[in-house]
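The next block holds one structure in the form of structure tokens; read it before the comments.
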Amino acid sequence: MATLAEEIQRRRTFAIISHPDAGKTTLTEKLLLFGGAIHIAGAVKSNKIKKTATSDWMEIEKQRGISVATSVMGFNYGDYKINILDTPGHQDFAEDTYRTLTAVDSVIIVVDVAKGVEQQTRRLMEVCRMRNTPVIIFVNKLDREGRDPFEILDELEAELKISVRPLSWPINIGAKFKGVYNIYEHSLDLFTPNKQKVSERVEIDNVNDPRIDEAVGSADAKKLRDDLELIEGVYPEFNVEDYRAGLVAPVFFGSALNTFGVKELLDCFVEIAPAPKPVDAEERRVEPAEEQFSGFVFKIHANMDPNHRSCIAFVKVCSGKFERNAPYRHIRSGKTLRFAAPTAFMAQKKSIVDEAFPGDIVGIPDTGTFKIGDTLTQGEILHYKGLPSFSPEMFKYIENTDPMKSKQLEKGIQQLMDEGVAQLFTNQFNGRKIIGTVGQLQFEVIQYRLLHEYGAQCRWEPISLYKACWIESENPEALAAFKKRKHQFMATDREGRDVFLADSGYVLTMARQDFPEINFHFSSEF
């Protein structure tokens, strides 16, 4: 039997993030292919294969071809146990992605070689920087025309504000793309455009091996040697500790759709990526190798199975060993809970697990007990921190269109809000319900899911708001005066906290000037 420390050392828990369409879901699929977790790469756009991408399984995702919920997939690769969290690339779902980044130890960023770094990638990189999360960059779609690799490296450094170090290097690009030289392992891989089969590897001794000239032609071989010489001259030698500290990002090149360069990425990744790290709770630092189990809920998903109205709370194991049917303490409510059917995931397929170790993600059936950020322990009182809700930027009144279905609507809204898809505010002045989101697309998702999963119909009514901010004050009189003066713009969130709904930037600025004793917060963590 492996000891707890050995189990922790073989865990690799990471998220894949990118701008929409950079090829993130395709890369996830290919990693699963190497892990033997799926046996056919479901080319998402092909009509011959009716299986859609393994990681996109909600109905609306299949229709739109985008990932809207983070899915969790675990598989074994060699001696390692890998947990991938595939995150939504679409910026309307950024909040889900921010929260997922609190549950991972490292990140792979996918960048399109033609488009380079895009806005969403920049924002996600900021979150990684805040937490010193190590990142590896995979430059994708090399079989299409794109930019010069050196140009891409410069842009990555400038835009993502991190030093980079290429660990593989492409031989040409687009139509002339011939393959990739693996700097990390000193080997050469030749490109054959084929979605189902892996490329061929040429055995070479070093970069001056004449077999390279035979394989790619002498002109390309010379250019490759010149490029590599330049790389060695410009970039310092790769140092694993700098990568783990979040100071330098290794870069790999390839084509996920053609399964090219993916195995090199995976082999290097399992070697250098960090095992589960200590996590900060409000009370103290928690080491993964502690005897006692602890973990936190970073995501709640309603309706994993549309036939059963069930929610699943995703728990990241932080320390100790999680066991089925063992008594655990739910810190927020103080209750002791036992879990008879905890599950592990392979996208939608889930299986019941008897034990899980730090770095693993466990799904726990939830009947409304959990909220995002809840901590579970073997008894010790711990509060894991760092799961904020951000102040929404778009608002609409939600109205019931079918009075006979008001119960279904209520339940649907409650479960979807538990998931953290959006935020619900109740106007204190007229009692109407307001939904706040980060992006327009979420309104469509909510409407669609309420109808298809709860049988409830809603319609949206416009409301012109600029920002929602949580307010508090040490001075009860000042707070009362503010609420009286702004009573038409006051609402409460689901926790019953006071929220001020400012209808313009000017109004917000004036309110802050006129009421200096009131504190305005733009994230729910204060």
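The values are calculated or read from the model by the stated rules, or taken from the named source; none is laboratory data. Computed from a prediction, not measured in an experiment: that's the story for all the values here. As a convention, Cβ positions derive from the backbone with ideal geometry for all residues, glycine included, and neighbour counts pool all protein chains shown. In case anyone asks, the SASA skips ligands and DNA or RNA and just uses the protein heavy atoms, side chains included. Shrake-Rupley method; radii C 1.70, N 1.55, O 1.52, S 1.80 Å.
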Exercise. Over 32 Å between Cα atoms, which of 263/371; 396/483; 161/486; 299/484; 405/483 qualify?
Worked result: 263/371; 161/486; 299/484; 405/483
Exercise. What is the sum of charges around residue 247, taking Lys and Arg as +1, Asp and Glu as -1, for the other residues whose C-beta is under 15 Å from the C-beta of residue 247?
Worked result: +1
Seminar exercise, completed: Contact order relative to length for the range 364-477, counting C-alpha pairs under 8 Å separated by 6 or more residues, stands in percent at 33 percent
Exercise. Any idea how far the Cα center of the range 483-526 sits from the one of the range 212-232, in Å?
Worked result: 62 Å
Problem set entry | Straight-distance crosslink candidates among aspartates and glutamates, where the alpha carbon sits under 19 Å from residue 433 and sequence neighbours closer than 8 are dropped | 393, 399, 402, 410, 418, 419, 444, 461, 493, 495, 498, 503
For this session: Heavy atoms only, probe 1.4 Å: what % of the accessible area of the range 384-526 goes to carbon and sulfur, would you let me know?
Result: 50 percent
For this session: List the residues whose amide H sits under 5 Å from the amide H of residue 339, counting only those 5 or more places along or on another chain, with H placed 1.01 Å from N in the peptide plane.
Result: 325, 326
Exercise. Roughly what would the spin-label model give for residue 354 and residue 219, points 7 Å off Cα along C-beta, in nm?
Worked result: 6.3 nm
Exercise. Measuring from label point to label point, each 7 Å out along Cα→Cβ, what is the residue 211 to residue 406 span in nm?
Worked result: 7.6 nm
Exercise. So for the pair residue 234, residue 130, with labels modelled 7 Å out along Cα→Cβ, what separation do we get in nm?
Worked result: 3.2 nm
For this session: Answer with one residue from 500, 438, 463: the one whose Cα lies farthest towards the positive end of the charge dipole of the range 413-519, charges on Cβ with Lys, Arg +1 and Asp, Glu -1.
Result: 463
For this session: For residue 335, go through the aspartates and glutamates and keep the ones whose alpha-carbon is under 13 Å away, minus same-chain ones fewer than eight residues off.
Result: 374, 380
Problem set entry | Percent RCO, i.e. relative contact order, over the range 458-526, from Cα pairs under 8 Å lying at least 6 residues apart | 46 percent
Problem set entry | Cut-off 13 Å, label 7 Å out along Cα→Cβ of residue 448, residues of the range 397-430 by amide N | none
Exercise. How do 323-332, 258-267 rank on mean C-beta neighbours within 10 Å, highest first?
Worked result: 258-267, 323-332
Exercise. If r is the Cβ-Cβ distance from residue 247 to residue 510 and R0 is 56 Å, what FRET efficiency results, to the nearest 0.05?
Worked result: 0.80
Seminar exercise, completed: Charge tally for neighbours of residue 506 with beta carbon under 15 Å away, counting Lys, Arg as +1 and Asp, Glu as -1, is +1
